[in-house]
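Heads up: the structure comes next, in structure tokens.
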Amino acid sequence: MGDCAEPDADSANSARSVARPAHWSAGRWGIPLDDVQVLSDGVILSCRVGKKVVSVPPRRMLPGTTIAHTGDRGRLVLSRELALNLGLI
């Protein structure tokens, strides 16, 4: 019966590694958006992305993001899910 427990544990670990959240890193999981301008900061950042103005929670910005404060211009990296929800992709 001990042999049965090991594959289950391995299966749980592999399933866990596949199901990890999209906010890990900018590379494989993030959508980089360049030339983004921060219009206002606070609990939520108001950002101009192209012709759109969107509200971005700072806690949802991924590594690789170079903007943080009003007036900053640079790269914003978001999860694919958030970028879709904001209508950016």
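The values are calculated or read from the model by the stated rules, or taken from the named source; none is laboratory data. Predicted model, so just to flag it, every value in this text is computed and none were measured. Heads up, the Cβs are rebuilt from the backbone with ideal geometry, glycines too, and the neighbour counts pull from every protein chain shown.
Some values worked out for this structure:
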quantity: Residue list for the stretch 33-49, filter: without any contact (Cβ under 8 Å) to a residue 12 or more places away in the chain and of a type outside the set (S, T, N, Q); calculated: Gly42
quantity: Filtered residue count, the stretch 54-72, keeping only those that are loosely packed, with under 13 Cβ neighbours inside 10 Å, in contact (Cβ under 8 Å) with a residue 12 or more places away in the chain and more than 14 Å from Ser40 (Cβ to Cβ); calculated: 1
quantity: Pick from the stretch 46-80, criterion β-branched (Val, Ile, Thr) and not in a loop (DSSP other than H, G, I, E, B), ranking: nearest to Pro32 (Cα to Cα); calculated: Val77
quantity: Matching option when the condition is in contact with a strand residue (DSSP E or B) (Cβ under 9 Å, 6 or more places away or on another chain) and at pLDDT below 50, among Pro7, Pro57, Pro63, Pro21; calculated: Pro21
quantity: Selection from the stretch 49-73 of residues that are more than 17 Å from the chain's Cα centre (by Cα) and basic (Lys, Arg); calculated: Lys51, Lys52, Arg73
